[in-house]
1. Exactly one of these conditions fails for residue 329: (1) outside any helix (DSSP H, G or I); (2) more than 20 Å from the chain's Cα centre (by Cα). Give me its number.
2. Among the residues of region 317-336, which ones are open to solvent by 10 Å² or more (accessible area, probe 1.4 Å) and under 16 Å from residue 368 (Cα atoms)?
3. Quick one: residue 156 ticks every box in (1) at pLDDT 95 or above; (2) surrounded by fewer than 19 Cβ atoms within 10 Å (Cβ to Cβ); (3) in a loop (DSSP other than H, G, I, E, B); (4) not aromatic (Phe, Trp, Tyr) bar one, so which box is it?
4. Say we look at region 404-425 and pick out the residues that are assigned to a strand (DSSP E or B) and under 16 Å from residue 88 (Cα atoms); which of these is most open to solvent (accessible area, probe 1.4 Å)?
5. Looking at region 71-81, is at least one residue under 20 Å from residue 401 (Cα atoms), part of a loop (DSSP other than H, G, I, E, B), at pLDDT 95 or above and open to solvent by less than 10 Å² (accessible area, probe 1.4 Å)?
6. Take residue 343 and decide whether it is open to solvent by less than 10 Å² (accessible area, probe 1.4 Å), touching a Ser or Thr at 6+ places or on another chain (Cβ under 7 Å), modelled with pLDDT of 95 or more and within 16 Å of residue 326 (Cβ to Cβ).
7. Being over 24 Å from residue 173 (Cβ atoms) and either touching a strand residue (DSSP E or B) at 6+ places or on another chain (Cβ under 7 Å) or outside any helix (DSSP H, G or I) (or both) is the filter here; which residues of region 108-130 pass it?
8. Is there a residue in region 197-215 that is in a helix (DSSP H, G or I), closer than 22 Å to residue 342 by Cα and open to solvent by 70 Å² or more (accessible area, probe 1.4 Å)?
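The values are calculated or read from the model by the stated rules, or taken from the named source; none is laboratory data. This one's a predicted model, so the numbers in the text were calculated from it and none came from an experiment. Note that we place each Cβ from the backbone using ideal geometry, even for glycine, and neighbour counts take in every protein chain shown. To get the accessible areas, we keep the full protein, side chains included, count just its heavy atoms, and leave off ligands, DNA and RNA. Shrake-Rupley method; radii C 1.70, N 1.55, O 1.52, S 1.80 Å.
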Amino acid sequence: MRLLRLSLTACLTWLAAAPTLAGATDSVLITAARLLDVQSGRWIEEPRVLVRNGHIVRIDRGPATGPAGDEPQQRIALPGLSLLPGLIDMHVHLDSDPTYGGYTGLQFSDRFWSVLAVVHAERTLQAGFTTVRNVGADAWNDVGLRQAIDAGKLRGPRVVSAGHAIGATGGHCDSTFFPPSMQQHSEFLADNPDQGRQRVREVRKYGAQVIKICATGGVFSRNTEPGQQQLTLEEMQAIVTEAHMWGLKVAAHAHGAAGIRDAIRAGVDTIEHASLIDAEGIALARQHGTWLSMDIYNTEYTQAEGQRNGVLEDNLRKDREVADLQREGFRRAHAAGVKMVYGTDAGVYPHGDNGRQFAWMVRYGMSPLQAIQTATFNAAEALGRNDVGVIEAGRFADLVAVAGDPTMDITLLERIPVVIKGGEVVRDKR
């Protein structure tokens, strides 16, 4: 019994000293030089953000005047820095690594990608992206990653997981790189409306929180072209109706103009890429209130590094062909008042570089504030969430801090020194 007591004492002592990924402090007071209200675009000077159990309780201004009993257990002082909401990337693939293109990834076991997802999640969080939507993963990697992060077992952003994407036989979401003898195919194909409804139920059963479909061909698949429509209007309508019945939103990979138009008509919530969107598609998106998530930066990386990474020339060709068309489509859609969210397709280019797209959005017509809104308030609205995206009472205490004014210099968001998730400092490189 004495040995047992000594063992228990040693174990409890170790547990008390062991580091934890979950914040142990009940109340935290965060102070800074200023705070950006992303909805109005106004700066709040000398903010004091009170946090309890990971959520914002209230925001005050100026020196503390509260009663002594209201003293926080921890203070995070960020003098001279500007606070913004933690950023949201609406299109990532955390189990993808761009340094392995074409067939080069076949040298690894399937679980290799599961492990890399852990590393990529940490890099994404360190870059200031405290929430991401992972729109397509193999082997339920994003679901398992989300569960591990939520359980406090490792650090990463809040993950909205899609699990496996739903597509057509031979289309962009199918396995298209292998000969018939390999018998490779996705298990989540929908070649008629009934199959579409069934696939929604299956991926939801195993952890999908958003439904991802491939309405058109893609850049990085084989034997598909971005402009090709690959799901019919009726198939997409069945998928959307089923998903919405279950309370799930639908994201449609759609490069081609016809596929974009039918996806909008079918009622999808976000259009991913929208590379070849035409005037009718822009008008439909505005009419239906459909969000566009346009990854207008990543071609810079693909064209510079893709060949070295093993990306096939046919894929590089498609990337070149859509790049400028997508960027001009972004400019026209924004000018027309279409709703936009921030989506980078990280995984096509390195995780952790998510912030590099902001400058390109400004280059193609947005103000810095509008670009920031796509990755905060807009993204939260498109997700249907009122717990992220804005610094206000009731939401998670997810914040980033920069030295300067990103509404004047958007490139500040490429090098964020301080990241806070749930009231806990996860990065401090001041």
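1. Just one mismatch for residue 329, condition (1).
2. 331, 334, 335 - these are the residues of region 317-336 that are open to solvent by 10 Å² or more (accessible area, probe 1.4 Å) and under 16 Å from residue 368 (Cα atoms).
3. (2)
4. The qualifying residue most open to solvent (accessible area, probe 1.4 Å) is 421.
5. no
6. In short, yes.
7. 125, 126, 127, 128, 129, 130
8. The answer is no; no qualifying residue exists.
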